[in-house]
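Novice: This is the structure, below, for whatever I ask next.
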Number of protein chains: 4
Amino acid sequence: MRKIKAALIGAGFVGPHHIEAVRRLGFVDVVAIAGSSQKSADAKAERLNIPRAYGNYEVLLDDPEIEVIHNCTPNNLHFPVTMAAIARGKHVIADKPLALNPSKARQMLEAAQQKGIVHAVTFNYRYNVLIQQARVMMKRGDIGDVHFVHGQYLQDWLLNPTDHNWRLEKEGGEARAVADIGSHWCDLAGYITGARISEVLAEYTTIYPTRQRPRSSREAFATSQGQEQYDEYPVDTEDFASILLRFDSGMRGAFSVSQVSAGHKNGLEIEVNGRKA
Amino acid sequence: MRKIKAALIGAGFVGPHHIEAVRRLGFVDVVAIAGSSQKSADAKAERLNIPRAYGNYEVLLDDPEIEVIHNCTPNNLHFPVTMAAIARGKHVIADKPLALNPSKARQMLEAAQQKGIVHAVTFNYRYNVLIQQARVMMKRGDIGDVHFVHGQYLQDWLLNPTDHNWRLEKEGGEARAVADIGSHWCDLAGYITGARISEVLAEYTTIYPTRQRPRSSREAFATSQGQEQYDEYPVDTEDFASILLRFDSGMRGAFSVSQVSAGHKNGLEIEVNGRKA
Amino acid sequence: MRKIKAALIGAGFVGPHHIEAVRRLGFVDVVAIAGSSQKSADAKAERLNIPRAYGNYEVLLDDPEIEVIHNCTPNNLHFPVTMAAIARGKHVIADKPLALNPSKARQMLEAAQQKGIVHAVTFNYRYNVLIQQARVMMKRGDIGDVHFVHGQYLQDWLLNPTDHNWRLEKEGGEARAVADIGSHWCDLAGYITGARISEVLAEYTTIYPTRQRPRSSREAFATSQGQEQYDEYPVDTEDFASILLRFDSGMRGAFSVSQVSAGHKNGLEIEVNGRKA
Amino acid sequence: MRKIKAALIGAGFVGPHHIEAVRRLGFVDVVAIAGSSQKSADAKAERLNIPRAYGNYEVLLDDPEIEVIHNCTPNNLHFPVTMAAIARGKHVIADKPLALNPSKARQMLEAAQQKGIVHAVTFNYRYNVLIQQARVMMKRGDIGDVHFVHGQYLQDWLLNPTDHNWRLEKEGGEARAVADIGSHWCDLAGYITGARISEVLAEYTTIYPTRQRPRSSREAFATSQGQEQYDEYPVDTEDFASILLRFDSGMRGAFSVSQVSAGHKNGLEIEVNGRKA
């Protein structure tokens, strides 16, 4: 029984979930991990029972045993890491948002297709049983023609000015809540209904134009422990947004995304309204 | 124990709810009703145990015993009926939407103030216990500064092309879903948060530009009984809408309203997101 | 239009709800109220806009204008008040539990039947829309043969040792949670399914055998205001109970009732499980 | 990095979940599986990517590489398989119910302790986040002294007379719904509250004393495909039950379990009621 050799690049919040997911399959061995430093890679490798640890992704990509990489780096590294992996002939599982803008996304797709690379973006909610159920109901006509898709994706982990994550810094790129979780919502709207977004109108709001950065680093969703020291820094990405959509099918859409809505840990809702002839 | 003498103008869906509400108080006698014809007024008077029935509202307004009227007429009559009542010195409970446009609403307010008329608009959801609870929590600072208010008001009673009501005809005026139930949502957003809407951006959608009018008349929320005959007629008011809001406090808002969202009988949701300093 | 003349005996928590309910009908005048003293009757009469107030129920029953009385007295007065009303030829709306034991209930029924008295017990939940829906679904066979009915009726208003009400004293009789709210649950189980309870097994628990009585009196569901003085008193009625049931149809049942389950204000649940052939 | 060598005995419904769970850890290799025949073992081994397949558990237990076995056999085999594993010095993860009666459970425990065997029963719900949260809240005193624990565990996968599983046959032993899922509920009641059940009173009901066995075999929760042939067989284990409990702490309990309650796929509810001093 041959096992696929996989590796993880990016030892932050979401990487371990990728590792657990592929280990459940039984035909994948996770053989290596790369972090932003040798130290962080070593620590994660030990915690996750991964044999080899690399201090940067370039070295990992030179490891000839590795067949596929999981790109779980911060958003501004999605493009260079994926392009480097494609160049070495590694297959790629890329985390969302695929890129910071559409032209870079297209560039990656073309490169992957030219090299015959197997590739995927982890829009993991697609495989949630409720989403599968909704899609099946749509496909078999239970809902008829859909004229309206609406909902929300609300979180509160960046509500306080001292909540901190790389997404608030330059590594996050120029969009935040919409790129980070709005991308999931938009993907699901299309996945369930089969329609594609053709027009967009959005209201982005930044509640905290100035935030406090803790002097020690912190992972996504982690909270402060006791007394900490902070430095001020400016933020110009959106804390929340409301978006109106039109789809190529004529369907309308509306949703809100937020990382500052108290009481919502990870609250994703999507509803389609249709009618049967 | 003196009892206030009240009368109902408009014998449709909502009038009987007004009657029940004032009768519960114990100090109001409902003495008269006016319908669109003597026949409909007589029928409703008998069903609701109201002593006097009038075939039009002008005659009712001449009844000197009546002190206050409930204006439960179709939207395009809100203005003339209320103005006529004010002219006769009757106090007025007016159903929403108060008027078809802001200038007429201002005209009524001025007339009422000049005559010393007691007046109210039935934004009845204000007194729902959940709304009261939300407002109290806001006022005592449980939620801190609110930056976002969002929600929806969805119904499905006009989903089918053969669903019919005067709101779809000229009596409804130029707005429908937003005037009819969106007005409630906007009122509650202000009532709970204390802020006022200052800017609006909306997407209105008409799913059925042509509908089928049944040849016999029908009350709100009533459904078809058996075989009916229909005439085609054009509809240009919105079946649903999504609206982005800005408030004078800096708060943002977003909500959708619909009369064609299957599965929602009368689904009103409103949520405020804030933060404590 | 002739109006029925009704009166309320018992000026406590539930009486005003009876008043509101009959006033909504439009063909009932509430003409009198009796309290446990002239003072309490006068106060309630003024608050509820009722013309005449009596300091005891015997005097009220001698009022010849009164046609029907609402018996909203404490449980141990249900029997004598209803029997006295029947003796005067008044029709009776009796609050639940109808009596403290079955033999007294039978005695009242016989007396009412002999005198041709119209009579009812206020199992008001029967007319809740969800209960009506459940009953209709049962009747038209949506659920098939029911083999199991289960649920709960939980409250928390008597959780604390200083929570006080006449139900905890001798006026409450020998059963409390089960008589007070368990009676509703049992009634609904029969009302929905059409079966009658034939066998019962119950576990009654008294959490607080000693409680603190506030020196000032208090209505049902009212809470303490500030500093109060208390006297100890023994309680031997059940704070909560779990009950197994068998029905004449062969159906089984199980439910719990409680007045000491924190977080449940007035939580009634009932579910039927059946199968279609 | 040394990896633990594990094996699965019993290739039915729950075994694959054990496999996925241990594979997620990263330090366990699943090296073998035993089924009721070589054919079923081979099929499962291929589907689950397990290297070695055995046609019976005795042979698997002779495999010297295996350190720990997961006993996922039908209930009547729990005892012999676990005793045989202990005899070979294999560590044991045993599925619930641990045994068909308490004396056999004690026998296994003693054997395991004598041989220094690491052992566990898969009361997996203990590690559900809601259960962990409830337990933490209990431990830190959020709920005070608990006087009542109640709830239900309802399923519907055996509602129809043609629904079939080994639990309905002799392999299931003398209890069914209570052994199968009631055991989870009882475990959780103790796990959350720290109290132990000391007295029990139960009403067991068998809705279908005669059922239809499909001539082809079927896994748990699987449903019939098209036209099948059936043989009648008698069933005397409970389809549902209601149980009253007393705990060593003085706490009372009540719950119902069912495998025939339509609409409940796998509905487990547990609630504790307490009070703070």
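The values are calculated or read from the model by the stated rules, or taken from the named source; none is laboratory data. Owing to the predicted nature of the structure, the values given are computational and were not obtained by experimental measurement. Backbone-built Cβ (ideal geometry, glycine too); neighbour counts: all protein chains shown.
Novice: Please work out which one of (1) in contact with a Phe, Trp or Tyr (Cβ under 6 Å, 6 or more places away or on another chain); (2) outside any helix (DSSP H, G or I) is the condition D:VAL81 fails and give its number.
Specialist: (2)
Novice: Within the stretch B:91-129, how many residues turn out to be in contact with a Lys or Arg (Cβ under 8 Å, 6 or more places away or on another chain) and of a type in the set (S, T, N, Q)?
Specialist: 1
Novice: Now, a different point. Does A:ALA105 satisfy being hydrophobic (A, V, I, L, M, F, W, C), closer than 30 Å to A:TYR208 by Cβ, touching a residue at least 12 places away in the same chain (Cβ under 8 Å) and out of contact with any strand residue (DSSP E or B) (no Cβ under 7 Å at 6 or more places or on another chain)?
Specialist: Working: hydrophobic (A, V, I, L, M, F, W, C): yes; closer than 30 Å to A:TYR208 by Cβ: yes; touching a residue at least 12 places away in the same chain (Cβ under 8 Å): no; out of contact with any strand residue (DSSP E or B) (no Cβ under 7 Å at 6 or more places or on another chain): yes.
Against the criterion (hydrophobic (A, V, I, L, M, F, W, C), closer than 30 Å to A:TYR208 by Cβ, touching a residue at least 12 places away in the same chain (Cβ under 8 Å) and out of contact with any strand residue (DSSP E or B) (no Cβ under 7 Å at 6 or more places or on another chain)), A:ALA105 does not qualify.
Novice: Right, another one. Surrounded by 20 or more Cβ atoms within 10 Å (Cβ to Cβ), more than 17 Å from the chain's Cα centre (by Cα) and at pLDDT 95 or above, is that true of A:LYS115?
Specialist: The answer is no for A:LYS115.
Novice: Any residue in the stretch A:1-30 that is within 11 Å of chain D (Cβ to nearest Cβ) and without any contact (Cβ under 8 Å) to a residue 24 or more places away in the chain sitting within a Cβ distance under 7 Å of a residue that is of a type in the set (Lys, Arg) and not in a helix (DSSP H, G or I)? List the pairs, counting only those 6 or more apart or interchain.
Specialist: Qualifying pairs under 7 Å: A:GLU20/D:ARG24; A:ARG23/D:ARG24; A:ARG24/D:ARG24.
Novice: Please work out if C:ILE19 is under 24 Å from B:ARG2 (Cα atoms) and part of a loop (DSSP other than H, G, I, E, B).
Specialist: Working: under 24 Å from B:ARG2 (Cα atoms): yes; part of a loop (DSSP other than H, G, I, E, B): no.
No, not satisfied.
Novice: Please specify each residue of the stretch A:44-61 satisfying the condition of being in contact (Cβ under 8 Å) with a residue 12 or more places away in the chain and surrounded by 15 or more Cβ atoms within 10 Å (Cβ to Cβ).
Specialist: Residues satisfying the conditions are A:LYS44, A:ALA45, A:LEU48, A:ILE50, A:ARG52, A:ALA53, A:TYR54, A:GLY55, A:TYR57, A:LEU60, A:LEU61.
Novice: For C:GLY253, indicate whether it is within 12 Å of chain D (Cβ to nearest Cβ) and either touching a residue at least 40 places away in the same chain (Cβ under 8 Å) or under 19 Å from the mean Cα position of the chain (by Cα) (or both).
Specialist: Values: within 12 Å of chain D (Cβ to nearest Cβ): yes; either touching a residue at least 40 places away in the same chain (Cβ under 8 Å) or under 19 Å from the mean Cα position of the chain (by Cα) (or both): yes.
It is true that C:GLY253 is within 12 Å of chain D (Cβ to nearest Cβ) and either touching a residue at least 40 places away in the same chain (Cβ under 8 Å) or under 19 Å from the mean Cα position of the chain (by Cα) (or both).
Novice: Further question on the same structure: Which ones in the stretch B:85-107 are buried (at least 19 other Cβ atoms within 10 Å of the Cβ) and outside any loop (DSSP other than H, G, I, E, B)?
Specialist: B:ALA85, B:ILE86, B:HIS91, B:VAL92, B:ILE93, B:ALA94
Novice: Could you run through the stretch A:232-244 and say how many residues are within 14 Å of chain B (Cβ to nearest Cβ) and either in contact with a His (Cβ under 9 Å, 6 or more places away or on another chain) or farther than 23 Å from A:VAL149 by Cα (or both)?
Specialist: If we filter the stretch A:232-244 for residues that are within 14 Å of chain B (Cβ to nearest Cβ), which is where we start, we get A:238-244.
Restricting the remaining residues to those that are either in contact with a His (Cβ under 9 Å, 6 or more places away or on another chain) or farther than 23 Å from A:VAL149 by Cα (or both) gives A:239-240, A:242.
Within the stretch A:232-244, residues that are within 14 Å of chain B (Cβ to nearest Cβ) and either in contact with a His (Cβ under 9 Å, 6 or more places away or on another chain) or farther than 23 Å from A:VAL149 by Cα (or both) number 3.
Novice: Which ones in the stretch C:132-150 are surrounded by fewer than 18 Cβ atoms within 10 Å (Cβ to Cβ) and among the β-branched types (Val, Ile, Thr)?
Specialist: Result: C:VAL136, single match.
Novice: A further question follows. Could you tell me which residue of the stretch A:178-220 is nearest to A:ASP95 (Cα to Cα), considering only residues that are in a loop (DSSP other than H, G, I, E, B) and of a type outside the set (Gly, Ala, Ser)?
Specialist: Of everything passing the filter in the stretch A:178-220, A:GLU219 is nearest to A:ASP95 (Cα to Cα).
Novice: Please go through the stretch D:152-186 and give me each residue that is of a type in the set (Phe, Trp, Tyr), surrounded by fewer than 20 Cβ atoms within 10 Å (Cβ to Cβ) and either within 14 Å of another protein chain (Cβ to nearest Cβ) or under 22 Å from C:ALA254 (Cα atoms) (or both), ordered by number.
Specialist: Let us first name the residues in the stretch D:152-186 that are of a type in the set (Phe, Trp, Tyr), namely D:153, D:157, D:166, D:185.
Going one step further and asking which of them are surrounded by fewer than 20 Cβ atoms within 10 Å (Cβ to Cβ), we end up with D:157, D:166.
The one that is of a type in the set (Phe, Trp, Tyr), surrounded by fewer than 20 Cβ atoms within 10 Å (Cβ to Cβ) and either within 14 Å of another protein chain (Cβ to nearest Cβ) or under 22 Å from C:ALA254 (Cα atoms) (or both): D:TRP157.
Novice: Only one residue in C:ALA87, C:ALA94 is closer than 26 Å to C:ASP180 by Cα and either without any contact (Cβ under 8 Å) to a residue 40 or more places away in the chain or under 16 Å from the mean Cα position of the chain (by Cα) (or both). Which one?
Specialist: Answer to the selection: C:ALA94.
Novice: Out of A:ARG252, A:ARG246, I need the residue that is surrounded by 22 or more Cβ atoms within 10 Å (Cβ to Cβ) and modelled with pLDDT of 95 or more. Which one?
Specialist: A:ARG252
Novice: Now a separate question. Exactly one of these conditions fails for D:ASN75: (1) touching a helix residue (DSSP H, G or I) at 6+ places or on another chain (Cβ under 6 Å); (2) within 29 Å of A:PHE27 (Cβ to Cβ). Give me its number.
Specialist: Answer for D:ASN75: the failing condition is (2).
Novice: In addition: Anything in the stretch A:267-277 that is of a type outside the set (A, V, I, L, M), under 23 Å from B:GLY253 (Cβ atoms) and more than 7 Å from chain B (Cβ to nearest Cβ)? List them, or say none. Walk me through how you get there before you give the answer.
Specialist: Our first condition is that a residue be of a type outside the set (A, V, I, L, M); within the stretch A:267-277, this holds for A:267, A:269, A:271, A:273-276.
Subsequent filtering for residues that are under 23 Å from B:GLY253 (Cβ atoms) retains A:267, A:269, A:271, A:273.
Correct list: A:GLY267, A:GLU269, A:GLU271.
Novice: So B:VAL136 passes all but one of these: (1) over 22 Å from the mean Cα position of the chain (by Cα); (2) within 14 Å of another protein chain (Cβ to nearest Cβ). Which condition number does it fail?
Specialist: (2)
Novice: Do you know which residues across the stretch D:193-212 are hydrophobic (A, V, I, L, M, F, W, C) and modelled with pLDDT of 95 or more?
Specialist: Within the stretch D:193-212, D:ALA195, D:ILE197, D:VAL200, D:LEU201, D:ALA202 qualify.
Novice: Tally time: how many residues in the stretch B:213-242 are within 25 Å of B:TYR153 (Cβ to Cβ), at pLDDT 75 or above and hydroxyl-bearing (Ser, Thr, Tyr)?
Specialist: Summing the residues that are within 25 Å of B:TYR153 (Cβ to Cβ), at pLDDT 75 or above and hydroxyl-bearing (Ser, Thr, Tyr) in the stretch B:213-242 gives 2.
Novice: So, in the stretch C:62-74, how many residues would count as being in a loop (DSSP other than H, G, I, E, B) and either in contact (Cβ under 8 Å) with a residue 24 or more places away in the chain or surrounded by 19 or more Cβ atoms within 10 Å (Cβ to Cβ) (or both)?
Specialist: Here the count works out to 8.
Novice: Additional query: I'd like to verify a number: residues in the stretch A:33-55 that are outside any helix (DSSP H, G or I) and either over 21 Å from the mean Cα position of the chain (by Cα) or within 13 Å of chain D (Cβ to nearest Cβ) (or both), how many? Write out each step before concluding.
Specialist: Of all residues in the stretch A:33-55, those outside any helix (DSSP H, G or I) come to A:33-37, A:49-55.
Going one step further and asking which of them are either over 21 Å from the mean Cα position of the chain (by Cα) or within 13 Å of chain D (Cβ to nearest Cβ) (or both), we end up with A:33, A:37, A:49-55.
So the answer is 9.
Novice: For residues that are under 20 Å from the mean Cα position of the chain (by Cα) and aliphatic (A, V, I, L, M), scanning just the stretch B:13-32, find the one that is surrounded by the most Cβ atoms within 10 Å (Cβ to Cβ).
Specialist: In this case the residue turns out to be B:ILE19.
Novice: Go through the stretch D:128-161 and count every residue that is of a type in the set (Lys, Arg) and either in contact with a Ser or Thr (Cβ under 6 Å, 6 or more places away or on another chain) or not in a helix (DSSP H, G or I) (or both).
Specialist: 1
Novice: For the stretch D:130-152, does any single residue satisfy the condition of being touching a Lys or Arg at 6+ places or on another chain (Cβ under 6 Å) and either hydroxyl-bearing (Ser, Thr, Tyr) or free of Cβ contacts under 8 Å to residues at least 60 places away in the same chain (or both)? Walk me through how you get there before you give the answer.
Specialist: Initial filter on the stretch D:130-152 (touching a Lys or Arg at 6+ places or on another chain (Cβ under 6 Å)): D:144, D:148.
Among the residues that remain, those that are also either hydroxyl-bearing (Ser, Thr, Tyr) or free of Cβ contacts under 8 Å to residues at least 60 places away in the same chain (or both) are: none.
Taking every residue of the stretch D:130-152 in turn, none turns out to be touching a Lys or Arg at 6+ places or on another chain (Cβ under 6 Å) and either hydroxyl-bearing (Ser, Thr, Tyr) or free of Cβ contacts under 8 Å to residues at least 60 places away in the same chain (or both).
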